[in-house]
Amino acid sequence: MELLHIVLNATRILLPLLLLPLLVTIYEAFMVLVLQPFVLTRRFKKQGITGPRYRFLYGNLGEIKKLKRESHHSGFDPSSNDNFPRLLPHYQKWMYLYGETFLYWSGTEPRICISDPELAKQVLSNKLGFFVRSKARPEIVKLVGSKGLVFVEGADWVRHRRILNPAFSIDRLKIMTNVMVDCTLKMLEEWRKQRSDDKTEQVVMKKEMNSEFLRLTAHIIATAAFGSSYTEGIEVFRRLKELQNCCETSLIDIYIPGTEYLPTPFNFRIWKLERKINTAVKRIIDSRLESKSDYGDDLLGIMLKSCKSQGNQQKMSIEEIMHDCRTFFFAGHENNANLLTWTTMFLSMHQDWQEKVREEVFKECGKDKTPESDTFSKLKLMNMVFMESLRLYGPVTSLYREATKDVKLGHLDIPKGTNIIIPLLKMHTDKTLWGSDADKFNPMRFSNGVSRAANHPNAFITFGIGPRVCIGQNFAMIEAKTVLTMILQRFRLSLSGEYKHSPVDHLSIQPQYGLPIMFQPLK
């Protein structure tokens, strides 16, 4: 009896202690799943901001999936460039129902969508750390690296940016232009050999340009930034593409924190891909460390010098270098390839503009002369075409930021933890900003510069604005101008009859069925 009495007393003491963590978990779940959505919805409603009704746990993800699925299977006018209703149909519907600014829920995460360029400028230009990059899904983080330039914040971001800036200086880009020219010449030489091997000896040949540009830009970024050949970098690009496909399938699924650590088939695949990417990148880094005592003066060399410098306060660790390599491998070829793809589509559809740009190329670069970086500033028409292509088919559909504290944004009171969504597709085709022809290809709108192209100077923010403006934008533009110049010097382009206009969002806007182009040699 005495022993039983001791056990009962111990149970009375320990049971509350054992139940306490469970009660805390239940309380926190109640706050996140029920109370927070209720409180925030009422708080925004008092400011005149409404939106679709919050659904327990899933938020509005179910409706997003449904609308995207319906949009994907609906017809699309091949002459239209209004991609907003097709790629972001949920935004279009909610803007119609609730106004330009509205609140919705990605699972339990509150998101407020704003398309006012003035408010977008305030968010992106803030230097006080009030708005940071929104927390991304674990799969996305693995794609570009959690310790790379994309996701680091505060002092770490300043350190990364200061180290990397010299790699994208004008002098460095001039040197990289030579690499871009050499890689493009190799691609064109392969085309020439294929034509000579074609026993039918047709004058016109057909190429699927999206895959060609992906291969070319991968070759350029691997060689110019990391000193490796395309053969050495191919493993990284293949695995990144596989990981990108995994990201696409999970982006509109409910995310429960901690599930990325569960031994599921999906997670096993993610872990395996990440290991292979890290192994391939590490192999490139180790090869550089062994082959060059000064590490070279390209992007990889600059990062390694920082890592090994004695007494340098602006150092980068090998792990950070690996993550930045993943960032530039992915962004440096995917986005640049898409820019070239959509620009080629436009020039193939608008023969008048193709001839105008070709005449400009002949005038400034010659018919046979290898292009040089110093001449690119003279290609005004080509630059206008690229800007218009980026406006209509930019690399991303939206920008995401998270409020780190309660903050005032224009007339809005934004609670801490709220995610702010800036739908670039909406802003870039808004007729109140760009005129009645906002969905039409009209490079002349950029004839007086980017800031005067629309009714607001910040209506065009493809590369971002403020302190976190894209570090690689000059690299991207010089690469695109190099490749397009060399193609226009040699070929006349036209769309193949097999082309199906069907842009899709695969983390960037891409042609679902590729871009088959007919090439006719100029001589």
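Read the figures in this text as sums done on the coordinates, not as results from a lab. Predicted, not measured: the structure shown is a model, and the values here were computed from it. Here the Cβ is made from the backbone with ideal geometry for all residues, glycine too, and neighbour counts use every protein chain on show.
Looking at segment 68-141, the trypsin sites (Lys or Arg not before Pro) that sit in a DSSP loop and have at most 12 other Cβ atoms within 10 Å of their own Cβ are 127. Net length available on complete extension from residue 297 to residue 178 is 41.4 nm, with 0.36 nm assigned per residue and the Cα-Cα distance removed. Spin-label pair residue 404-residue 290: with each label point 7 Å from Cα along the Cα-Cβ axis, the two points sit 4.2 nm from one another. Spin-label model, residue 368 to residue 447: label points 7 Å out along the Cα-to-beta-carbon direction sit 3.5 nm apart. Estimated from the Cβ-Cβ distance and a Förster radius of 35 angstrom, the FRET efficiency linking residue 455 and residue 359 is about 0.65. Applying 1/(1 + (r/R0)^6) with R0 = 51 Å to the Cβ-Cβ distance of residue 153 and residue 523 gives a FRET efficiency near 0.40. Cα-based radius of gyration for segment 48-107, normalised by 2.2 N^0.38 Å, reads 1.22. Relative to the current alpha-carbon distance between residue 55 and residue 80, full extension at 0.36 nm per residue lengthens the span by 5.5 nm.
Qualifying trypsin sites (Lys or Arg not before Pro) in segment 473-512, where qualification requires a DSSP coil assignment and no more than 13 other C-beta atoms within 10 Å, comprise 500.
Dividing the helix sum by the residues of the chain, where each DSSP H run of 4 or more adds -39500 (n - 2.57), gives a mean residue ellipticity at 222 nm of -17500 deg cm²/dmol. Of the GluC sites (Glu not before Pro) in segment 259-367, not one is in a loop by DSSP (not H, G, I, E or B) with at most 11 other beta carbons within 10 Å.
Legend: translational diffusion of the chain by Stokes-Einstein, Rh = Kirkwood radius over C-alpha pairs, 4 °C, 1.567 mPa s; D = 51 µm²/s. Each label point was placed 7 Å from the Cα along the Cα-to-Cβ direction; for residue 66 and residue 96 their separation is 1.5 nm.
Pairs of Cα atoms nearer than 8 Å and 6+ residues apart set the relative contact order; for segment 409-507 it is 15 percent. Measuring r between the beta carbons of residue 169 and residue 43 and using R0 = 30 Å, the FRET efficiency lands at 0.05.
Proximity of backbone amide H atoms, modeled 1.01 Å from N, is registered between residue 102 and 113 at under 5 Å, excluding neighbours fewer than 5 places apart on the same chain.
Spatially, segment 94-164 and segment 420-474 are offset by 18 Å when compared through their Cα centroids.
Full extension of the chain between residue 264 and residue 125 yields a length gain of 46.0 nm, computed as 0.36 nm times the residue separation minus the alpha carbon distance. Listed cross-link partners 440/523; 276/481; 207/241; 66/121; 121/282 are compared with a 29 Å cut-off, the Cα-Cα value being larger for 440/523; 276/481; 66/121; 121/282.
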